[in-house]
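A quick write-up on the structure given underneath.
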Amino acid sequence: MERTLSIIKPDGIRKNIVGEVIRRFEAAGLRVAAAKKIMMSKDTAAGFYAVHKGKFFYDELVEFMSSGPVLVMVLEGENAIALNRKLMGATNFKEAEPGTIRADFAESIQFNVVHGSDAPDTAAFEIAYFFSASEIY
Ligand code: ATP
Ligand code: MG
């Protein structure tokens, strides 16, 4: 069993597709082990994406991620990190496989609906960033 952090980004919340995104996770065998809807401050978003600090898209990314509420979730299942990334599709929706969340719903490289951890170490950091152990079941 593996855990990964998923975020439905502000654009996904605005599109009202929370149920559809979670349905896809569950249909693929992932389980929602924790979930909460929050509004990230700029500082929270900046710390979360600190790995991208200095990149040309960083400031806009922080602005976007704190522009409205998000749904943060811990997904659990076999191979959860890679499986979630597969269901999400490529960062650039134009390169995302047909049938993936980003291919179906993203509008630009930036407004791409979902976030998913990309490795075990980032998953551990990201889960702890939003959830305490007693909030994950
Ligand atoms: P995420 O970390 O959100 O799951 P990712 O791992 O597929 O996405 P990253 O390279 O980590 O992609 O980029 C983080 C986020 O920054 C992207 O999801 C996107 O919202 C934004 N982003 C990445 N590259 C660009 C770009 N070239 N132009 C604008 N925004 C970008
Ligand atoms: Mg990433």
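Here are a few things to note about the model shown:
- Filter result (within 14 Å of ligand 1 (Cβ to nearest atom) and surrounded by 13 or more Cβ atoms within 10 Å (Cβ to Cβ)) within the stretch 111-126: F111, N112, V113, V114, H115, G116, S117, D118, T122, A123, F125, E126
- Residues (over 16 Å from E126 (Cβ atoms) and within 10 Å of ligand 1 (Cβ to nearest atom)) located in the stretch 47-69: K55, F56, F57, Y58, E60, F64
- Within the stretch 34-65, being more than 15 Å from ligand 2 (Cβ to nearest atom) and under 19 Å from F130 (Cβ atoms) holds for A34, A35, K36, K37, I38, M39, M40, S41, K42, D43, T44.
- All told, G99 falls short of being touching an Asp or Glu at 6+ places or on another chain (Cβ under 9 Å), on the phi > 0 side of the Ramachandran plot and modelled with pLDDT of 95 or more.
- Residues being more than 13 Å from ligand 2 (Cβ to nearest atom) and within 14 Å of the chain's Cα centre (by Cα) - total across the stretch 106-123: 3
- Helices (runs of 4 or more DSSP H) fully within the stretch 1-110 that include at least 2 residues being open to solvent by less than 40 Å² (accessible area, probe 1.4 Å), touching a Gly at 6+ places or on another chain (Cβ under 9 Å) and touching a residue at least 24 places away in the same chain (Cβ under 8 Å): 10-14, 18-27, 80-88.
- If only residues of the stretch 61-71 that are under 19 Å from T91 (Cβ atoms) and of a type outside the set (D, E, K, R) are counted, the one that is nearest to the chain's Cα centre (by Cα) is V70.
The values are calculated or read from the model by the stated rules, or taken from the named source; none is laboratory data. On a predicted model such as this, the values are computed, not experimentally measured, just so you know. Neighbour counts run over all protein chains shown; Cβ positions are idealised from the backbone, glycine included. We work out accessible area using only protein heavy atoms, side chains counted, and drop any ligands, DNA or RNA first. Shrake-Rupley method; radii C 1.70, N 1.55, O 1.52, S 1.80 Å.
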